[in-house]
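Take a look at the structure set out below.
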Amino acid sequence: TARQGALYATHLRDEGHGLLVSIKETIDIAQETKSKVLINHLRPLIGFELEYNKGIQMLSESMQDASIYFDLYPFRMSHVPLYNFLPNWAQNGGIEIMLQNVKNKSNRAQIISSLHFKEGGREVTIASAPRFEYLEGKTLKEFALKRNESAEEGLLQLMEFTSLKCTVLYENIDYELVKKTLSHDRALLSSNAGSLPLGKFKSERSTKTFTKFLDLVSRDKLMSIEVAIAKLTSTPASLYGLKNRGFLKEGMKADLIIFSFDEKTGTEIQHVFVNGIHSVENNVLIEGQSGEILRRA
């Protein structure tokens, strides 16, 4: 990867108790191989803020001799498969084995004892439920109350009901720490969200990641607008080795966005040009065929 001038993007091995070991492993890879490295969605999970701050400090100290970047999104929720709530011992063996663990009475009691929802399930929202689309957008609390169950028992019933083929939005991220970390020199933006068909339930993660970031920049003065724009354009274009993109400069591809900001309505994208073609006008798609596959130079 280093010889090709390419990028090694990684999903950390552990974002909780093993966070610092995982970050150390990634720093070692960057230093030993001299490859450019990107850590995907390095988010501060609630309960692991101390480890997270130490991890960011480790990355800062490695910046002089390692090209490491990380991305995160400006939201308080993760988008995870439903089986993520199972304890590690119950997540082995694939969907069918996991379902058997959920249905087994003795396992069920053990699983429920490992669960705890501080807000009674209100912090969990069903994002996708194939064949049960009417559930999408509802909270776990609403699902459980319909069945006169606790959030913990309701979660297991939802696992059975959807055969574990369900994803949820889970408010498990320290939002204030996210905002603080976004201003780090090596922090970039990503939605890390699924691309869902039209008509499907969509979270803000899928539709407003970048405008939400610009809202925070303008309202909370996280950084200058110039630095914010670079995080969305020139820095990732350079990191990924995309030729003729990422900068407003003669001879480069004209990928342009014109947006406005208002204290009441926030950031709104007015116009988009893709490869010089006017593709969005007044927030409406008018041309959708001017895109190109992006390849590393």
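The values are calculated or read from the model by the stated rules, or taken from the named source; none is laboratory data. Note that the structure is predicted; figures quoted are calculated from it, not measured. Every residue, glycine as well, gets a Cβ built from its backbone with ideal geometry; the counts of neighbours run over all protein chains shown. Quick note on the areas: whole protein, heavy atoms, side chains included, nothing else; ligands and nucleic acids left out. Shrake-Rupley method; radii C 1.70, N 1.55, O 1.52, S 1.80 Å.
Among residues of the range 155-178 that are over 20 Å from residue 94 (Cβ atoms), those with a beta-carbon under 8 Å from a residue that is open to solvent by less than 10 Å² (accessible area, probe 1.4 Å) and in a helix (DSSP H, G or I) at least six positions away or on a different chain give the pairs 157/143; 157/144; 169/205; 174/52; 177/52.
If I filter the range 221-232 for residues that are among the small types (Gly, Ala, Ser), within 30 Å of residue 4 (Cα to Cα) and surrounded by 14 or more Cβ atoms within 10 Å (Cβ to Cβ), do I get at least one hit? Yes, there is a match, as at least one residue in the range 221-232 is among the small types (Gly, Ala, Ser), within 30 Å of residue 4 (Cα to Cα) and surrounded by 14 or more Cβ atoms within 10 Å (Cβ to Cβ). Across the range 148-189, the qualifying residues are those that are open to solvent by 50 Å² or more (accessible area, probe 1.4 Å) and in a loop (DSSP other than H, G, I, E, B), and the one among them that is nearest to residue 217 (Cα to Cα) is 183. Entry remark, the range 60-78: residues being closer than 30 Å to residue 124 by Cβ and open to solvent by less than 40 Å² (accessible area, probe 1.4 Å) number 8 in total.
Conditions (1) within 20 Å of the chain's Cα centre (by Cα); (2) of a type outside the set (Lys, Arg); (3) modelled with pLDDT under 95, marked per residue:
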| residue | (1), (2), (3) |
| --- | --- |
| 205 | yes, no, yes |
| 232 | yes, yes, no |
| 239 | yes, yes, yes |
| 244 | no, yes, yes |
| 263 | no, yes, yes |
| 277 | no, yes, no |
| 283 | no, yes, yes |
| 294 | no, yes, yes |
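Return the residue satisfying two criteria in turn: it lies in the range 271-286 and is assigned to a strand (DSSP E or B) and touching a Ser or Thr at 6+ places or on another chain (Cβ under 8 Å), and of such residues it is surrounded by the fewest Cβ atoms within 10 Å (Cβ to Cβ). Checking each candidate, the answer is 285. Within the option set 27, 95, 56, being surrounded by fewer than 17 Cβ atoms within 10 Å (Cβ to Cβ), of a type in the set (Val, Ile, Thr) and either out of contact with any Pro (no Cβ under 7 Å at 6 or more places or on another chain) or closer than 30 Å to residue 242 by Cβ (or both) holds for one residue only, 95.
Residues being in a helix (DSSP H, G or I) and open to solvent by less than 70 Å² (accessible area, probe 1.4 Å) are represented in the range 199-206 by at least one member.
Residues in the range 110-119 that are under 24 Å from residue 139 (Cβ atoms) and open to solvent by 30 Å² or more (accessible area, probe 1.4 Å): 6 in all.
Is it the case that residue 122 is within 26 Å of residue 46 (Cα to Cα), open to solvent by 40 Å² or more (accessible area, probe 1.4 Å) and in contact with a strand residue (DSSP E or B) (Cβ under 8 Å, 6 or more places away or on another chain)?
Judged against the criteria, residue 122 is a match.
Tallying residues that are charged (D, E, K, R) and under 19 Å from residue 67 (Cβ atoms) within the range 223-265 yields 2.
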